[in-house]
Amino acid sequence: MKRFTFTDKKDTRSGFGAGLLELGRSNPQVVALCADLTGSLKMDAFEKEFPDRFFQVGIAEANMMGLAAGMTVGGKIPFTGTFANFSTGRVYDQIRQSIAYSGKNVKICASHAGITLGEDGATHQILEDIGMMRMLPDMVVINPCDFNQTKAATLAIAAYKGPVYLRFGRPVVPNFTPADQVFKIGEAVTLAEGTDVSIFATGHLVWKALEACEMLEEKGISAEIINIHTIKPLDVQAVLRSARKTGCAVTAEEHQVNGGLGDAIARVLVSQHPVPQEYVAVNDSFGESGTPEQLMKKYGLEAENIAAAAERVIRRRKHELSST
């Protein structure tokens, strides 16, 4: 019997589009900028309803970031939109200098993140963006897990004063969090209580972690599943509370093994409560062309990989206990 269910399947980018439209209706200070990808970012409804507050800059992402930074000086709340690769790698200098260093109230909204971009291939599949953005001082980094949470996060970041990186994706994925949720920046969500292993997941890997939880239950293993939707600021107390209970941890993310959620969790654990940890992430590799399903399987980002990592880390913990 399945323990976890979802209402439907939707793409997280559509959650962003729905949230942006709602913000347009409720907050006249919200403006939107896009780099020639209005349909892909689901910003077309906002453009149609608020044409005077929508700015199509074309394929000029660096210019878009500069424009957004400038708009904040007049009190506007700009939401920029393009693919995650172009939202970060192409414009890192502009983000660092004009937005982060200056503390500008810009919301950098990035779609088509990770390898689930699929057939567009390695040049478009950025897997380093979380690491790049979390290294910038005072940059908030958010990676929601489904349509509902992405919409809620979009609404929440408009009220936050300061730069934010909001990451979401292209494929349809299970939509399982509450439609009426209130998104709290920096507050992790425990989806399943457990005693044997802590699984910290983000983005598309959260549902995979819930599927892994069911697989582990069949083997008599109790997994605690925590949705780390905000990677910075990290919910340190939630991480420590769970790790102290279970004594071992798995991190799961659609990102490089270096620099992302896994390293953020490891930094907390190694300094405050060392426990064995396993990473589920892309292992220091670029992506390639393929369907999202093919790529998730090839690069080891499936529920089976999370469950296997949990079993490995439990064995490590038992070995360490028996050696003391």
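We did not get these values from a lab; they are worked out from the coordinates using the rules stated. Predicted, not measured: the structure shown is a model, and the values here were computed from it. In this analysis, Cβ positions are derived from the backbone assuming ideal geometry, glycine residues included, and neighbour counts consider all displayed protein chains.
The relative contact order of segment 189-323, computed from alpha carbon pairs under 8 Å that lie at least 6 residues apart in sequence, is 28 percent. Placing +1 on the Cβ of every Lys and Arg and -1 on the Cβ of every Asp and Glu, with no other charges, gives the chain a dipole of roughly 720 debye about its Cα centre. Residue order for Thr251, Thr190, fewest other beta carbons within 10 angstrom first, comes to Thr190, Thr251.
Helix 261-272 and the long axis of the chain differ in direction by around 60°, with both axes built from C-alpha atoms. Bridge orientation summary for segment 189-323: considering DSSP beta bridges with both residues in this region, about 20 percent are antiparallel.
Residue separation of Leu321 and Ala159 scaled by 0.36 nm, minus their Cα-Cα distance, works out to 53.7 nm of gained length.
May I ask you to derive the FRET efficiency for Lys9 and Lys48 from their Cβ-Cβ distance with R0 = 22 Å, giving the value to the nearest 0.05?
On the way: r = 25 Å, r/R0 = 1.15.
Efficiency, from the Cβ-Cβ distance: 0.30.
If I take every Cα pair under 8 Å that is 6 or more residues apart in the chain, average their sequence separation and divide by the length, what percent do I get for the relative contact order? Each step should come with its number before you reach the end.
Values: 744 pairs, mean separation 58.3, N = 324.
RCO, the chain: 18 percent.
Based on C-alpha pairs under 8 angstrom that are at least 6 apart in sequence, segment 251-296 has a relative contact order of 44 percent.
Based only on other Cβ atoms within 10 Å, what is the fewest-to-most ordering of Glu254, Glu311?
Details: Glu254 30, Glu311 17.
Sorted ascending by nearby Cβ count, the order is Glu311, Glu254.
Angle of helix 236-246 to the longest C-alpha principal axis of the chain, folded into 0 to 90 degrees and rounded to 10: 20°.
What FRET efficiency would be calculated for the residue pair Arg312, Leu240, taking the C-beta separation as r and a Förster radius of 22 Å, to the nearest 0.05? Show your work: numbers first, answer last.
Working: r = 22 Å, r/R0 = 0.99.
Approximately 0.50, to the nearest 0.05.
Cut-off is 10 Å between beta-carbons; in what order do Glu119, Glu47, Glu224 appear when sorted fewest neighbours first? Working shown, then result.
Values: Glu119 12, Glu47 19, Glu224 22.
Sorted ascending by nearby Cβ count, the order is Glu119, Glu47, Glu224.
Computed from point charges on the beta carbon alone (+1 for Lys and Arg, -1 for Asp and Glu), the dipole magnitude for segment 151-200 about its Cα centre is near 380 Debye. Counting only DSSP beta bridges whose two residues both lie in segment 8-175, roughly 15 percent are antiparallel.
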